[in-house]
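Okay, so here's the structure we're looking at.
The values are calculated or read from the model by the stated rules, or taken from the named source; none is laboratory data. Since this is a predicted model, take the numbers as computed values, not measurements. For neighbour counting, all protein chains shown are included, and Cβ atoms are generated from backbone atoms with ideal geometry for every residue, glycine included.
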Amino acid sequence: MLTLLDFVESAEAQDAPYKTRLEIAKLPKRLRLDEIEDLVDYAADLRTFGEQIAPSGEAVFAKARDPRKAKEQANSRIRTALKAYLAAQGDAPTPEVHPDYAQVQAWVRNNEGFIQRGDRYPNGRSAAIASLGARFRGTALRDLTAKDAGAMLGELPSGKRRSYRNALAFIDTLRATAASLPPEIAACLPMESLKMPGSDRPVRWPDLPAELRASAEAVFDQLLQHTSLQAQSALDRIRAGEDPEVVKADVNAQRAKDVSNSAKWRESQRGHVSWLYRGALRLGRKAKSLEDVVTLDVAEAAIADLQEQVRAGRVRALDETCTLKTRLGGVIYLAAKGLRDPQGAAALEVLRSSRKAEIRNPYIKGLSKSADALVDTLHDGGDAIYRRIVTAPELIEAEVRAQLAQWSTMPLNRRLETLKLGASAAIWALQLCRPRRRANVMYERLRAARDPVTRKQLHSRTLSEEGEGYVSLTPKSEVKNLRQLEFAVRAQDARVLRWWIEELRPLYLETRDIADSCYLFPGSATPRNLRDGLVLPPGCVSAAWFSEAWTAGAKIVGLTLTSHQARHTTAVIWLARHPGDFAGAAAILGSSEDIVRRKYGADDSASVADQARADAYRIYGT
């Protein structure tokens, strides 16, 4: 196998133009390697380049005037040299993308938009076809098979597999409606379904037998009984003459924690049962009840299946995720509380104890692997990257104003993307003032939330004007940890937010042709995954829209992160300026000091020690 070290030492790299050699020399730093010899662990091919090298190096380019452009230029130079190196080694040249993909993509692009407005497909479907073309390249779309699809998905890292699986599903949707498509488009579609065969296909809740689903749902309903209902049932038994001590023992054995979000809890439990059902299939069993799958041998088979998926590269390594811990915890809970099977629960607990290496991994109570990588990038980039984050709303605003200058010549989809970028500036302004979970920003309200029929107030507004700025107040009933979140939006952040509210938001409503709503970011979606008892009216943006808006702004900032990870940037920047002040960081995040210390304290001791040494020498050393 050719490695990146071979490439770096090759004539194609050594004799490349000066600027290309400079970018090649940055490869170890971009990949956070100690020495250039460590490049031997990376394959010298275009796929590795696209998946691991091209996205890296945000800290390296943080000082550039336009980090995104600098990174793209660097990637282009390295890619050109790498292609020359591979050609010199006799590798087959990368084939051109087959015309089938471009033809179908162009037709879908002309028919995508907003379903509510009569468009045939949702936005983004044409991009999905383009991604398939880039992946299969010389293989015609009409010649693709389920085997090709399965092989391609098996080569992908788990983080990218979902989007490609959705793209394949869309091709199947086109196949199903081929009779209504133009003949030239229908002729480009595959002859067979691209649905994954056998065990490569994920098992979803609807795939389970109806008897098993009904059995599980009955147990879920029983577990969702609140403590007050359980107590009332126990009192009825005592009044009927049962021994109070026996009733009390039964209640203690059956007691389950009250669930604040029953819909989300039920979805999680369904996932546990679906995971077990896959283990039952592996054993060749036809499960018809929950008791058939909540067993030790089925759980062991499910773990073996999960390990097989890890080896095949279909999911991330078990010691990098909480998957196994979550699954086993849920299954033990179902055995102990749902089925009231203490022996079965004990056996499953022993199984969990035997998997400590996978369950007690460093990412369980700390940050996730992606968050760890983000924190490393922030530390590497230092003040340069902190500066771009802090001024992100203004950087995004400048880009939006430049695009608005071409408004009159823009097509509709480009206008909507520009306004979405304007929303991104407002979202970044809010998140930098006080980072919150995505739902709290999505459901920020300019007016009181009212019942769409009776017009009675359901919940008060959360964003109010105060002088030249704004105050955001999220009630504790809408916050995950039941803590009220209040913060002020001042100065430059208030100016960006006002620009969105007074100018861009009305323009967005007009351009998208949707009704106004109480939400700061209006849309046509309905709030979902709400806490039990919390009712919010429709008219918000979807989670997908929100993520797209945030990501569009992140590209301008030159950083890859989610809106939730803004919490990490805030904590890191605070601790960089105030080493050891975990209480201050916790107050900003709305978290506890212990959690903040556990997540962000590993690197901070070095900063405290450095500051202590400097202070001591300044006082006593001169």
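Some observations on this one:
- Listing of helices (runs of 4 or more DSSP H) fully contained in segment 286-359 that carry 2 or more residues being farther than 22 Å from Arg213 by Cβ and touching a residue at least 24 places away in the same chain (Cβ under 8 Å): 296-311, 323-333, 342-353, 356-359
- Cβ-Cβ under 8 Å pairs, at least 6 apart or on other chains, segment 260-280 side free of Cβ contacts under 8 Å to residues at least 24 places away in the same chain, far side among the acidic types (Asp, Glu) and assigned to a helix (DSSP H, G or I): Ala280/Asp292
- Residue within segment 407-428 that is free of Cβ contacts under 8 Å to residues at least 40 places away in the same chain and farther than 24 Å from Glu394 by Cα present: yes
- Residue ranges of strands (runs of 3 or more DSSP E) in segment 402-515 with at least 3 members in the same structural domain as Asn110 (by TED's automatic domain parsing): none
- Near pairs, Cβ below 8 angstrom, 6+ apart or cross-chain, from segment 371-383 (under 14 Å from Leu575 (Cβ atoms)) to any residue that is part of a helix (DSSP H, G or I) and modelled with pLDDT under 80: Val375/Tyr600
- Residues in segment 216-240 that are within 11 Å of Gly338 (Cα to Cα) and of a type outside the set (A, V, I, L, M) were compared, and the one that is modelled with the lowest pLDDT is Gln222.
- Residue check, Ala16 small (Gly, Ala, Ser) and without any contact (Cβ under 8 Å) to a residue 24 or more places away in the chain: no
- The residue list Glu548, Glu502 contains one member that is out of contact with any Leu (no Cβ under 8 Å at 6 or more places or on another chain), in contact (Cβ under 8 Å) with a residue 24 or more places away in the chain and among the acidic types (Asp, Glu), which is Glu548.
- Residues in segment 133-155 that are out of contact with any helix residue (DSSP H, G or I) (no Cβ under 6 Å at 6 or more places or on another chain) and not in a helix (DSSP H, G or I): Arg137, Gly138, Thr139, Leu144, Thr145.
- Of the residues making up segment 380-424, those that are among the small types (Gly, Ala, Ser), within 25 Å of the chain's Cα centre (by Cα) and at pLDDT 90 or above number 4.
- Residue list for segment 1-43, filter: loosely packed, with under 14 Cβ neighbours inside 10 Å and either of a type in the set (Phe, Trp, Tyr) or touching a Phe, Trp or Tyr at 6+ places or on another chain (Cβ under 6 Å) (or both): Tyr18
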